[in-house]
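Read-outs: derived from the displayed coordinates by stated rules, not from any lab. All of these numbers come straight from a predicted model, not from anything done at the bench. Cβ placement follows ideal geometry from the backbone for every residue including glycine, while neighbour counts extend to all protein chains displayed.
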Amino acid sequence: MKKTLSIIALSIIGFGLVSCKKENKDAATPYTETDSAAISPEQHGVIAGDSGVVGADAAVASNQPSTTLALSESNFDFGNIKKGDKVEHVYEVTNTGTNPLIISEVKPGCGCTAPDFTKDPILPGKTGKITLHFDSTNFDGNVQKYADVYANVDKAPVKLTFTANIQP
């Protein structure tokens, strides 16, 4: 009888511990797309754009007042480059709105492209830069790559693209 009560008591205590662990785990669990039915976009701070819902890591700028931007160009052609060349292109971004433009993230489509961008707020009428660095080592022929720019604009992400013809 004592043994049975001990087992029951340990089971209850064990269940309570498991239950607490689960509650703590759930509190620290980040947003996932399966949560979207229960939480509106405004509540979890996502940016909806051309590519769908984006998680909170890219949503930092969504908490800022919206503005507008103009790009010097959204597509660039490197032309013919030699395999193994590392090239870069600078896209100029002008804040055409009335609030500071905040670029929270530039997310390339693959590991062959690395971004640099203006991290400070870009004041209305001022210009910032987004540089895409491309390593052609693993490519042959025509390639087209992109990077998504997350900022406090209505239609985020903004897509930047480039093309190149990789020669042997």
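Phi angles of the range 65-74 translate, via the Karplus equation with coefficients 6.51, -1.76, 1.60 and θ = phi - 60°, into HN-Hα couplings of x, 5, 9, 10, 9, 10, 9, 4, 6, 10 Hz per residue; Gly and Pro are given as x. Classify the range 60-115 from the C-alpha gyration tensor, please: rounded if a/c falls under 1.5, else prolate or oblate depending on whether a/b exceeds b/c. Oblate. Applying 0.36 nm per residue to the separation of Val90 and Lys155 and subtracting their alpha-carbon distance, the gain on full extension is 21.3 nm. 3J(HN,Hα) couplings calculated from phi for the range 83-94 with the Karplus curve 6.51 cos²θ - 1.76 cosθ + 1.60 (θ = phi - 60°) are, in sequence order, 4, x, 5, 10, 10, 8, 9, 9, 9, 8, 10, 10 Hz; Gly and Pro show x. Could you list log10 I(q)/I(0) for the range 64-160 at q = 0.12, 0.15, 0.20 Å⁻¹, which the Debye formula gives when each Cα is one point scatterer? Treating every Cα as an identical point scatterer, log10 I(q)/I(0) equals -0.39, -0.58, -0.92.
Taking amide H positions as modeled 1.01 Å from N, with prolines and chain starts lacking one, the residues under 5 Å from Phe117 and 5 or more places away or on another chain are Thr131. Summarising the amide proton neighbourhood of Phe76: residues at separation of 5 or more, or on other chains, whose placed amide H is nearer than 5 Å comprise Thr161, Phe162, Thr163.
Once the C-beta distance of Ser72 and Gln167 is scaled by a Förster radius of 35 Å, the resulting FRET efficiency is 0.85 to the nearest 0.05.
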